[in-house]
1. How fast does the chain diffuse by Stokes-Einstein, in µm²/s, taking the Kirkwood radius from C-alpha pairs at 37 °C and 0.692 mPa s?
2. Of Lys146/Lys217; Lys3/Lys281; Lys221/Lys260; Lys117/Lys217; Lys72/Lys184; Lys184/Lys221, which pairs sit farther than 29 Å apart, going by alpha carbon to alpha carbon?
3. Output the 0 to 90 degree angle, nearest 10, between the alpha-carbon long axis of helix 15-26 and the longest principal axis computed from the alpha carbons of the chain.
4. If I measure Cβ to Cβ between cysteines in the chain, which ones have no partner under 4.7 Å?
5. Using DSSP to define loop residues, name the trypsin sites (Lys or Arg not before Pro) in the range 1-98 whose beta-carbon has at most 11 other beta-carbon atoms within 10 Å.
6. Taking every DSSP beta bridge with both residues inside the range 132-236, roughly what % is antiparallel (nearest 5)?
7. Could you give the semi-axes, largest first, of the ellipsoid that matches the range 132-236, computed as the square roots of 5 times the alpha carbon gyration tensor eigenvalues and rounded to whole Å?
8. Relative contact order of the chain: what whole-number percent is it, with Cα pairs under 8 angstrom and at least 6 residues apart?
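The values are calculated or read from the model by the stated rules, or taken from the named source; none is laboratory data. All of these numbers come straight from a predicted model, not from anything done at the bench. Cβ atoms come from the backbone with ideal geometry, glycine included; neighbour counts cover every protein chain shown. These accessible areas exclude ligands, DNA and RNA; they are computed on the full protein's heavy atoms, side chains included. Shrake-Rupley method; radii C 1.70, N 1.55, O 1.52, S 1.80 Å.
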Amino acid sequence: MGKEIYDVAIIGGGPAGMTAGIYAGRAHLRSCLLEGMSTGGQMFNTATIENYPGFGRVDGPGLSQKMEAQVKEWGVEIQYDHISEIRRQPELFELVTLGEEVISARTVIIAAGSTPKQLDVPGESDFLGRGVSYCATCDGAFFRDKDVAVVGGGDSAVEESLYLTRFVNRVTIIHRRDELRAAKHLQERAFDDPRIEFLWDSEVEAVFGEQMVNMLKVKHKETGEVSNLPVAGVFIYVGMRPNTEFLGGLVDLDPWGYIKAGEDTATSVPGIFAAGDIRTKGLRQIVTAVADGAVAAMAAERFLGERGL
Ligand code: NAP
């Protein structure tokens, strides 16, 4: 990328950012998309997506690749780089990359998504990649015929447990309450699956192992009883944290760190829009993310048009 000024800079290459790219490209806005890792975001790490209309069942990496191809088709420049800061200048924004390159744009769409939360227990970070994982799609196949644990009770924990049963001998879902938060149809499938067991009212206190994980220390919250669960791996799905730290107070956030923005994707700063999981919203799904991406791109186009930019 050169020193030109983009009409729109999109931060994040998940479904929200990629859809914003497609719409911005179709609107003939000079656009770039900045992505820190690989496009797809959380979607890329999802084994099977069965609630994206028109696709029946589709694998996350496959859907990500299709979206990326469509973004490129519309002339959006994709750059693989982290943004560490956004500076507000008169009539434009400067996006500073980790490599200290400065990218200038008249509008910005923030679609940086969210990152898996950690349990913050002893052993968790020590055994990352050696039995501790936040992505069953990425790592599940390494645990063929082994016993593993999944921590959490939401859609992700249950969906990924069901996925893991393709490979592993047994999945023990460890949940801190006595009922799941996950959608009812997922719960039913998990309860019916002989490879899935549950440890209710329980929390992981530590992860043990030698070269690889071999044991979890689990505490029953009601009785206080502590037990050891022998497992070869633990998959942690205890929710997400919005990737808003790099904004450094530039736009208003809610108490949980999500960008305050309504359905129009407008943030507290004119010219900056927020799309997808990173903004305050009731339902964080691929379909709601792609909807946000479209709205944000059109809002950016309107913003530029109204100012004759
Ligand atoms: P989530 O819905 O926030 O669930 C997090 C789970 O982790 C909850 O069961 C929570 O327990 C538990 N938890 C949180 N902090 C914990 C801690 N420190 N220790 C132990 N357990 C902890 O997160 P998610 O499952 O990642 O889902 C995020 C969003 O994506 C949701 O809106 C979900 O519907 C959506 N999603 C949808 C699909 C789908 O439709 N196919 C698939 C995946 C995700 P409590 O229940 O006690 O709070």
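1. Working: Rh = 20.6 Å.
In µm²/s, the coefficient rounds to 160.
2. Details: Lys146/Lys217 18 Å; Lys3/Lys281 35 Å; Lys221/Lys260 35 Å; Lys117/Lys217 19 Å; Lys72/Lys184 38 Å; Lys184/Lys221 24 Å.
Flagged as over cut-off: Lys3/Lys281; Lys221/Lys260; Lys72/Lys184.
3. Once rounded, one gets 20 degrees.
4. Cys32
5. Lys3, Arg57
6. Working: 12 of 27 bridges.
Expressed as a percentage, antiparallel bridges in the range 132-236 total about 45.
7. Rounded to whole Å, the semi-axes are 19, 18, 10.
8. On the way: 727 pairs, mean separation 64.2, N = 309.
Averaging sequence separation for qualifying contacts and normalising by length gives 21 percent for the chain.
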